[in-house]
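The values are calculated or read from the model by the stated rules, or taken from the named source; none is laboratory data. Not measured: the values here are computed from a predicted model. Because the Cβ atoms are built from the backbone with ideal geometry, glycine has one as well, and the counts that use them run over all protein chains shown. Remember, those area values only see protein heavy atoms, side chains included, never the ligands or the DNA or RNA. Shrake-Rupley method; radii C 1.70, N 1.55, O 1.52, S 1.80 Å.
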Amino acid sequence: MEAITQSLLNIFTTAIQNAFPGVQDTAIIATTANDSFGDFQCNSPMSIYKSYGKHFGLTNPRAAAEAIRQHLPVNDLVGKVDIAGPGFLNVFLNPNFIKTKLVDMLQNGIQLPVGEKKRVIVDFSSPNIAKEMHVGHLRSTIIGDAICRILEFCGHDVDRVNHVGDWGTQFGMLIAHLQDQFPDFLTNPPDLKDLCTFYKESKKRFDSEPEFKTKAHQNVVKLQGGDQVCRTAWKLMCEISRSEFQKIYDRLQVVLEEKGESFYNPMIPRLVKELEERELVRLDGGAKCFFIPDQKIPLIAVKSDGGFSYDSTDLAGIYYRLMDQRADWVIYITDAGQWPHFELVFEAAKLAGWHRPPQTRVDHVGFGVVTGEDRKKLKTRSGDAVRLVDLLDEAKDRSLKEMKDRIASGEEKSELTEEQLSMAAEKVGYGAVKYYDLKQNRTTSYAFSFDRMLDVRGNSAVYMMYAYARIASIGRKANVEIGGLIQDAAQLVNLDDPAERALAATLLRFPDIIFAILGDLMLNRLCDFLYELAGKYNQFHHNCMVIGHEKQSSRLLLCEATRMIMLQGLQLLGITPLERL
């Protein structure tokens, strides 16, 4: 499939350069809000007139528009171009182009233009050992997974990295509490199912018992020094947490490779030594600091007590990823509040010569917090963060109830057994949570609402999944082998009806959406596109009879193309649609 926006950009930029010699402006291309005004719009004439009107003797922006239109190069993409209003160029795609590309997609699948394959490392999710995953981990996990899916779909080599918090001073108190509660843990490992409660107990003792606090500090030194008893205790707690994290990832269908803080810890001394030798790190107040020009706060490579910090780990991490792993692109997905820290890390990497834009790219994908309806951070009645496992359980339960209620009221019909209905409710419930998050502008916070997530009307996963199931059902109802139709698609496809053409033209914009996301990593673009696509399909379905019509074969093929794009789009968001609901 062709990226139409980029092709139009090239065509109209060439026209501008041909019409106005010496002008190097790039064309301004946008989609139209109304199909009757074309598929795309070129908004360049106004800026051309404002900047160069007198030089070229233009009387108004419409004159600039006419000059651009007259100098369009020969191409098979543009059907006609109208001048509208003060000087907009409304662009209608060539009907033959739309048909050819639709047939190609049906016969060869959804294939994006092949670009340069990059090694991309995506750092996301990152829960802390000995603590449960809560709603605060939701955004990083599902945003990171969707970004990875899109990068993989585009052919890039992607490393999905889980930078878990598995190192630090908290392990001193956890090990001390383990030694006190289970003295024989080396020979008889305890079954610590509730490690979160165990953490709270150790923290309470750390804050109230001076002797325990001293023992905890001693254990930190021992752990960092390689003491086998402390290492065994640490590994035990890491394995318990890892097992609990995996249950969540399995439910969300998220794949990650763990490289926690402990992985980078051995690299730090050598790295600091190198930075000192290069005079990029210097002593300040007893700490070894990496100062960034025009920044008041430095990165602390080594604390004044000789210990390492998050700064140390992240410096080692970005060095390892860019220099040892030879990544072309590194993406960090955390809450927006961490941007000042990562800005320093990225600048340090440039100063050290590890990050060499544009050969390498680093991004911080920041996101807002999940709030309650009161616009405060989402918490339980006791004030604790909402456990992610509880949130997913409730999503499934509410989804199942909603589905049963709609079936009982006659609003929906279902062919599913009770067991199938339960499995469907799980996919719909989890999909609803993901979609509601991903459709937001990630830089803003949003209020969590199961009612809005599970709404069958409007821009929700439930609406999208029901739309997909209805599209999938048409082929079954027609009792036609779609594969046979696809072979003859070039002869069968007919897009004469405006609703057919509008739906087909929308389908062809899918690559544009994907490439736009690669630019700014804003996933709500894909959700908005899928919602628009569902609306275009509904208009087509309302205006164009499919089964039993003389154009049944052509319209079934258009339905199949819509199903393919909708399926691919939802899968890129980490959502599994259902053929039957």
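Against the condition in contact with a His (Cβ under 9 Å, 6 or more places away or on another chain) and either outside any loop (DSSP other than H, G, I, E, B) or among the basic types (Lys, Arg) (or both), how does ILE16 come out, does it pass?
Yes: the conditions hold for ILE16.
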How do the pairs read when you match residues in the stretch 329-351 that are in a strand (DSSP E or B) and of a type outside the set (A, V, I, L, M, F, W, C) with residues anywhere that are modelled with pLDDT of 95 or more and surrounded by fewer than 21 Cβ atoms within 10 Å (Cβ to Cβ), using Cβ under 6 Å and keeping only pairs 6 or more apart or on different chains? TYR332/PHE342; TYR332/HIS364
Considering only residues that are open to solvent by less than 100 Å² (accessible area, probe 1.4 Å) and acidic (Asp, Glu), look in the stretch 262-279 and name the one that is farthest from LEU322 (Cα to Cα). GLU276
The one condition in (1) within 38 Å of the chain's Cα centre (by Cα); (2) more than 23 Å from GLU532 (Cβ to Cβ); (3) open to solvent by less than 50 Å² (accessible area, probe 1.4 Å) that MET46 fails to fulfil: (3)
GLU532 among the charged types (D, E, K, R), open to solvent by 10 Å² or more (accessible area, probe 1.4 Å), in contact (Cβ under 8 Å) with a residue 24 or more places away in the chain and within 21 Å of ALA478 (Cα to Cα): no
Among the residues of the stretch 82-99, how many are open to solvent by 60 Å² or more (accessible area, probe 1.4 Å) and of a type outside the set (Lys, Arg)? 4
ARG282: passes all of (1) in contact with a Lys or Arg (Cβ under 9 Å, 6 or more places away or on another chain); (2) in a loop (DSSP other than H, G, I, E, B); (3) open to solvent by 90 Å² or more (accessible area, probe 1.4 Å) but (2)
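Would you confirm whether any residue within the stretch 524-545 is small (Gly, Ala, Ser) and under 22 Å from the mean Cα position of the chain (by Cα)?
Within the stretch 524-545, one or more residues are small (Gly, Ala, Ser) and under 22 Å from the mean Cα position of the chain (by Cα).
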Considering only residues that are part of a loop (DSSP other than H, G, I, E, B) and touching a helix residue (DSSP H, G or I) at 6+ places or on another chain (Cβ under 6 Å), look in the stretch 132-164 and name the one that is least open to solvent (accessible area, probe 1.4 Å). MET133
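Yes/no matrix, rows are residues, columns are (1) part of a loop (DSSP other than H, G, I, E, B); (2) touching a residue at least 24 places away in the same chain (Cβ under 8 Å); (3) in contact with a strand residue (DSSP E or B) (Cβ under 9 Å, 6 or more places away or on another chain):
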residue: GLN179; (1), (2), (3): no, yes, no
residue: THR197; (1), (2), (3): no, no, no
residue: LYS213; (1), (2), (3): no, yes, no
residue: ALA216; (1), (2), (3): no, yes, no
residue: ASN219; (1), (2), (3): no, yes, no
residue: LEU223; (1), (2), (3): no, yes, no
residue: CYS230; (1), (2), (3): no, yes, no
residue: SER241; (1), (2), (3): no, yes, yes
